[in-house]
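Worksheet: the structure to be examined is printed underneath.
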Amino acid sequence: MDLHSLRGAFAGRLLTGAGETAAFLTDWRRKWTGRCIAVAQPDRTEDVAAVLRWCAEHRIPVVPQGGNTGLSGGSTPDASGQTLVLSLTRLNRVRAVDPVNNTIEAEAGVTLKQVQDAALEAGRLFPLSLAAEGTCTIGGNLATNAGGVQVLRYGNARELCLGLEVVTAEGEIWSGLRGLRKDNTGYDLRDLFIGSEGTLGVITAAVLKLFPRPAAQVAAFVAVPSPAEAVELLQLAQRRLASSLTAFELIGDPCIGLVEKHVASARRPLTDRSPWYVLLEVSDATGEEHAAATAEGLLEAALSQELATDAAISTSLAQFNALWALREDISESQGAEGSSIKHDISLPISRIAEFIAGTDAAIAQAFPSVRMVVFGHLGDGNLHYNVSPPVGRTGPEHAAEFVALEGPMNRLVHDAVVERGGSICAEHGLGVLRRDESARYKSEVELKLMRKLKAAFDPLNLMNPAKVLP
Ligand SMILES: Cc1cc2nc3c(=O)[nH]c(=O)nc-3n(C[C@H](O)[C@H](O)[C@H](O)COP(=O)(O)OP(=O)(O)OC[C@H]3O[C@@H](n4cnc5c(N)ncnc54)[C@H](O)[C@@H]3O)c2cc1C
């Protein structure tokens, strides 16, 4: 492929050497590695449009990429070497903050952390929060409809987005950068692009919702006997705290064991071990004392009702951050432990305890001695129902035998999820990881409508082909 015409078609960087492109070709988990004809890094929306027009003219497939932290292989090109990687990281300006309208307009390549910081500077909160926030981008967050730890109170990325600017597969610019909370003027294009994982068009900018900053925040690390008590504690907390409850995470004890093993600074906050813990967050509009009293009142009630056996509450920002670090470091620690099989699932909250008990038992029977690494956003019904190899079999020489379990284990877990009315892909996107599996559980009608949408938005099938839909 002659890339001279592409080089001349847009302003920005075009990377072609193997050394320059390597970082764009492998995903965060190092599970997928592909090849590409080049990596284009435009600086402006008009240049993204020019790149896409060139791709349409030359029938070159495009893989949009943000921070490349996605966990489903959506941002990695295939092995053909015929694809262009379109990196959005140089579209990195916060265009405007409107504190009265409580909105921020940011380009797709701005990292989530930069948006949070810009909101903070304006005295506001941008509540989307997840462990990859220093690297993942707003474009990637919206393209995957990311969730994170505060969905319980503020919703997924979709609920936080008011308007979008998108470049279509044909290279046209759609400016839908509306900062409106009400707008019923026909089909909602914004909602179609959100969660479409780069298969319908390229998000180049977004108008996002901001919120008042809480006056104080407290985290509590609570030992609970089992997921059933954790679910009861969630209801108690929602009754007592209402919207002050901003996060409610379930953590299995093996997760804390892995963090202790792989993160030198990690410390268990409670003296005695418990099979399960809840990490909850209280955000208070009044102040520190009120936040602490609210959390203490909740925990006293939980202890007296035997929903909890012990608890620690943060009394400083350092303690608040240390408690959250235990949760945020689980994914990296599981990665450091060798291969893993991950299931990002969601269920009606009423079915979660029984799902964990039943599926843990079925896995123990079918795959003896594998380790369950279960944690997640219990307040949203979303579990990371992950599995690590047996102790002593984590080395690369055992990787193949563990990977061979993935197919049958996925079937067992996903069937159990779907039987209970759940979803096999809660917040990480389908990418290639869950593309075929998801199609297996969808009806023909749903798949047909999805294919028609894809054909309408991307008639040449150039936008991230073979992702999301088989
Ligand atoms: C340690 C860790 C923790 C995580 N925790 C969470 C969590 O709690 N909740 C959660 O939801 N996710 C979580 N994730 C995964 C999450 O999906 C990503 O971190 C993030 O949303 C992806 O953003 P990105 O910029 O890295 O996108 P990428 O990985 O670059 O891309 C992801 C997908 O979006 C597409 N895409 C990217 N940018 C654009 C664009 N501008 N226009 C169109 N399509 C685009 C890509 O083609 C790809 O399909 C975690 C990841 C890691 C590594």
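The values are calculated or read from the model by the stated rules, or taken from the named source; none is laboratory data. This one's a predicted model, so the numbers in the text were calculated from it and none came from an experiment. Backbone-built Cβ (ideal geometry, glycine too); neighbour counts: all protein chains shown. Accessible surface areas use protein heavy atoms only, side chains included; no ligands, DNA or RNA. Shrake-Rupley method; radii C 1.70, N 1.55, O 1.52, S 1.80 Å.
Couple of notes before you dig in:
- The dipole here belongs to region 332-448: it is taken about the Cα centre, uses +1 on the Cβ of Lys and Arg and -1 on the Cβ of Asp and Glu, and is about 160 debye.
- Dipole of the chain, positive direction: furthest Cα of Gly8, Leu71, Ala49, with charges on the beta-carbon: Gly8
- Cβ-based charge dipole, the chain, positive-most Cα from Ser283, Leu128, Tyr187: Tyr187
- The magnitude of the dipole of the chain, with charges of +1 and -1 set on the Cβ of Lys/Arg and Asp/Glu and taken from the Cα centre, is near 980 debye.
- Overall Cα dimensions of region 147-234, principal axis frame, Å, largest first: 55, 30, 22
- Cα extents of region 370-414 along the three principal axes, largest first (Å): 38, 21, 12
- Peptides 364-374, 44-54, 167-177 ranked from most to least packed give 44-54, 167-177, 364-374, packing being the mean of other C-beta atoms within 10 angstrom over each peptide's residues.
- Partner lysines whose Cα lies under 23 Å from the Cα of Lys182, excluding those fewer than 8 positions away in the same chain, are identified as Lys209.
- Most positive-pole-ward Cα, Met372, Trp324, Ala308, against dipole of region 306-373 from beta carbon charges: Met372
- Helical content alone sets the calculated 222 nm signal of the chain at -10000 deg cm²/dmol, taking -39,500 (n - 2.57) per DSSP H segment of four or more residues and averaging over every residue.
- With semi-axes defined as the square roots of five times the eigenvalues of the C-alpha gyration tensor, the equivalent ellipsoid of the chain measures 37, 27, 20 Å, largest first.
- A straight Cα-to-Cα reach below 16 Å connects Lys467 with the aspartates and glutamates Asp27, Asp78, Glu197, Glu427, Asp436, Glu437, Asp458, residues fewer than 8 places away in its own chain not being considered.
- Sequence-distant lysines (8 or more away, or on other chains) whose Cα lies within less than 30 Å of Lys261: Lys31, Lys113, Lys342
- Apportionment of accessible area to carbon and sulfur, the chain, percent (1.4 Å): 52 percent
- A simple spin-label model places pseudo-atoms 7 Å from Cα toward Cβ; at Ala366 and Ile173 they are separated by 5.1 nm.
- Most tightly packed first, judged by the mean number of other beta-carbon atoms within 10 Å of their residues, the peptides 274-282, 461-469, 442-450 read 274-282, 461-469, 442-450.
- A 1.4 Å probe run over region 85-211, with the rest of the protein chains in place, finds 39 Å² accessible per residue.
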